[in-house]
Each structure stands twice: as structure tokens, then as C-alpha cells.
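Structure record follows, encoded as C-alpha cells.
Taken together, the values in this text are just the output of simple stated rules run on the coordinates, not laboratory data. Values in this document were obtained by computation on a predicted structure and should not be read as measured data. Neighbour counts are summed over all protein chains in view; Cβ atoms, including those assigned to glycine, are modelled from backbone coordinates with ideal geometry.
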Amino acid sequence: MYNNLIIIDNLKSILKTCPIKKIQLSNSEIILTVQTKDIGQILFFFKNHIQCQFKILTCISGIDFPDSRYRFSIVYEILSVRFNTRIRIKIFTYELGEVASVISIFSAAGWFESEIWDMFGVFFKNHPNLKRILTDYGFQGFPLRKDFPLSGYIEMRYNETQKRVINESVELSQEYRTYYYNSPWLK
């Protein structure tokens, strides 16, 4: 907590030079919200400024808000070993928007950005090798989006007569999420 107070005092002077939209303190964790176009400059500043020294990118996460104007939230978590503190930096982007890759600032961002591309479909501009890493080559769709069907679009199974694995389109006779039971416990 003490280290976070030092960082908060430093943030007051940092606000004069950095375009930070919002600062939150939640359970003694600092959360900054910045504009999508500024994420590279902000991360570069926090990594190299003498009062910050956030040298380690620990995680980049994606969150899907399908009913929001900006559908996706990308959260960067950085760590300062020198000051023993963490900061989360949030940006928001819409479905067809692109986010600048920060792989030139933090080399660890390569895997995280590819994972977010694979699972959510958020495109990272200037990423040197943006590809699917968790799904198969011919996979269609983005599985962590809230509008992705629970059963997927295709089914893979072994066909005994053809003696090989085949792909078939999934045809559902009814929706899974529209069951209405007359339950005696729900009165």
C-alpha cells in the first residue's frame, strides 16, 4: 500500500505529461484508463521514466462487452520491481478497430497479442507474426466472444466407414439457451 501511495504521488506529476483519461484505486490497485491510440506512448513512458520503472509486462487480457459502444476492453498489467507495485492500464476498442502492437516495447506482448487475436478477433497493428495459436488452422470465429455458439460451427469426428477424421457442419434442432422449465423451486 505504501508503494502505491508513492506511485499515486508520482502520477500527479505524470498527469501533466501523459494523456490519462481516468485513474481508479480499487483494493489498493491502480487502474488507469487511456485512449487506444496512446497505449504505446503510455507503456513506453511507464517503462522508461525514472519515477516509474515498470520493466515487466505480466499480462494482457481481453474482455468482451457485446452491448457496449466499445465492444472490447484490453487490459495491460505491468510490474515495477524497483517500487514493488503493479498498474493496470485499460483501453477500449470497437469490433472492427485496431490496436497498436506494443511488442517493440515489451517483447512478452507477442504471445498475449496473438492470443487475444485468436480468442477475440482484436487486430494488433504492426505485430510481426499475428496468427492463431490456440485454435486450429481452419477454425472460423473467435471462441471467447459472447456471441460465439456454445457448440461451435463444425464437429470433428472419426468416421468408421471412411477410416479418417471428418468435419461436418453442426445443425442444431433447437437453441440450447431457451429452455423454460416449470420448476417447483422457482415459485
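For the range 19-105, state which trypsin sites (Lys or Arg not before Pro) are in a DSSP loop and have at most 16 other beta carbons lying within 10 Å of their beta carbon. Can you show the working numbers first?
Working: sites: 21, 22, 37, 47, 55, 69, 71, 82, 86, 88, 90; in loops: 55, 69, 71, 82.
Taking the range 19-105 and a limit of 16 other Cβ atoms within 10 Å, the loop trypsin sites (Lys or Arg not before Pro) found are 55, 69, 82.
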Gain upon complete extension [residue 163, residue 51; 0.36 nm per residue less C-alpha separation]
33.9 nm
Checking the a/c ratio against 1.5 first, then a/b against b/c, what shape does the Cα gyration tensor give for the range 115-166?
oblate
Selection of chymotrypsin sites (Phe, Trp or Tyr not before Pro), the range 82-141, meeting DSSP coil and at most 14 other Cβ within 10 Å
94, 137, 139
Once you list every other residue whose beta carbon is under 15 Å from the beta carbon of residue 167, what net charge do they have if Lys and Arg are +1 and Asp and Glu are -1?
-2
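So which chymotrypsin sites (Phe, Trp or Tyr not before Pro) in the range 34-72 are both in a DSSP loop and have at most 13 other Cβ atoms within 10 Å of their Cβ?
On the way: sites: 44, 45, 46, 54, 70, 72; in loops: 54, 70.
Here the chymotrypsin sites (Phe, Trp or Tyr not before Pro) that fit, given the DSSP loop and packing criteria, are 70.
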Residues of type aspartates and glutamates that residue 22 reaches as a straight line, Cα spacing below 14 Å, ignoring anything fewer than 8 places off in the same chain:
38
